[in-house]
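A short worksheet on the structure shown next.
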Amino acid sequence: MNEKAALAVRGLTISIPTARGPLHLVEKLDFSIAPGKTLCIVGESGSGKSITALALMRLLHNALDITAGTVDLNGTELLGLSNKEMRKVRGAGMSMIFQEPMTSLNPAYTVGNQIVEAITTHRSLSAEAARTEAVRLLREVNIPAPEQRLDAYPHQLSGGMRQRVMIALALANNPSVLIADEPTTALDVTVQAQILELMRNLRSRYGASVIFITHDLGVVREIADDVLVLYAGRVMEYARAQDIFENPQHPYTLGLFAALPNGRSREPLTVIPGLVPMVGQFPKGCRFSTRCALATEKCRMEQPLLEDFGKGHRVACWYAPIESTRP
Ligand SMILES: Nc1ncnc2c1ncn2[C@@H]1O[C@H](COP(=O)(O)OP(=O)(O)O)[C@@H](O)[C@H]1O
Ligand SMILES: [Mg+2]
């Protein structure tokens, strides 16, 4: 977390305008990723993981605004860029893999056309050179008979193959940051494992920093260098992966990790009793206080800050660190 970051996010706040003023869906998010490292973002559905990823790419739905913060990609502040400048960043500086490949593959064009277009948007290559590069990329993501696959339409491929094509597209211009938003959730287990293995290989080969959003703690354990735990749009805990697995501090993290198997089997996050509060109904204090078995009056009234308890292990809980003060 302390080396020179490829990506540094400071105070990122994503809001939805309402008659009573903006509601913050994600609030004061801070994190950074060193070159070649992987940050996993975990948290229940609705905690703001996808809108965070979309905000970094400046692809948020126009009902939502980025109302505060900075996003520094290798020294360039992205939030100040024009749309035209941002289009150059997408793909070449930072690219994204979505849960459902069909959201980013165009059903009307062949796989080859889409990869060639991605390549020629950023690089001046002849049509033939771009096609050769597209074949190389498909081979890189282990697509069999890549020359033939270039002429396939997305619907002619299996889900796993489509996801591979999307990874090829995302890597086409060697981005320094790759965001993967639950990239394996829609796939069956065997294919999930293959895609994960592929991403791991490509990460080391391409040297990209990766933001990996997942529900799967087995995956987090395998690939994360750092882990950020998000709940109702707030960071609850942020630490090196080893520290968070060995010494989880936030009651929310503990809840999520409760059923983590020691082996390599993949288990979903544990279900914590109760529901994530609706936007606009967040409690005044700690957002987790309505579900936290340990919450006190102070927790319900005052929001704890994300504090560093040593070695960059940050926790937003009035009663961290756990051993000394928890009631
Ligand atoms: N276009 C939108 N308009 C209004 N609210 C949205 C929109 N997109 C997401 N949200 C809200 O933002 C919150 C975070 O959503 P999301 O980032 O998709 O969660 P996650 O990916 O962690 O499951 C949710 O409360 C969701 O309802
Ligand atoms: Mg999501």
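The values are calculated or read from the model by the stated rules, or taken from the named source; none is laboratory data. For clarity, every value in this text was computed on a predicted model and none was experimentally measured. Counting neighbours? That spans all protein chains shown, and the Cβs are built from the backbone with ideal geometry, glycine included. Ligands, DNA and RNA are excluded from the accessible area calculation, which covers all protein heavy atoms including side chains. Shrake-Rupley method; radii C 1.70, N 1.55, O 1.52, S 1.80 Å.
Points to keep in mind about this one:
- Angle between the chain longest axis and helix 127-140 axis [Cα atoms, degrees, rounded to 10]: 50 degrees
- Taking Cα atoms only, the orientation of helix 111-122 departs from the longest principal axis of the chain by about 80 degrees.
- Within-14-Å neighbourhood charge of LYS88 [Cβ basis; K, R +1; D, E -1]: +4
- Taking all pairs of distinct alpha-carbon atoms in segment 1-99, Kirkwood radius in angstrom: 14.2 Å
- Pair-distance distribution of the chain: all C-alpha pairs, bin width 10 Å, starting at 0; shares per bin in whole percent are 6, 25, 33, 23, 10, 3, 0.
- Between helix 83-92 and the chain: long-axis angle, C-alpha atoms, 0 to 90°, nearest 10: 80 degrees
- Spin-label pair LEU59/LEU23, simplified geometry with 7 Å Cα→Cβ offset, distance in nm: 2.5 nm
- At full extension, GLN242 and TYR153 could sit 27.8 nm farther apart than now, given 0.36 nm per residue minus the alpha carbon distance.
- Considering only GluC sites (Glu not before Pro) in DSSP loops that have at most 16 other Cβ atoms within 10 Å, the longest stretch of the chain without any of them is 4-301.
- Inter-probe distance in nm under a simple model that places probes 7 Å from Cα toward Cβ, at LEU81 and ASN106: 2.0 nm
- Across the accessible surface of segment 1-120, with the other protein chains kept in place and a 1.4 Å probe, carbon and sulfur atoms take up 52 percent.
- Å² of accessible area per residue within the chain, as computed with a 1.4 Å probe and no ligands counted: 46 Å²
- Taking a straight Cα-Cα cut-off under 22 Å and skipping sequence neighbours fewer than 8 places away in the same chain, the lysines within cross-link reach of LYS284 are LYS28, LYS49, LYS298.
- Accessible area of LYS84 in the full protein assembly, 1.4 Å probe (Å², nearest 10): 140 Å²
- Charge sum, other residues only, whose C-beta stays under 9 Å from ASP30's C-beta, Lys/Arg counted +1 and Asp/Glu -1: +3
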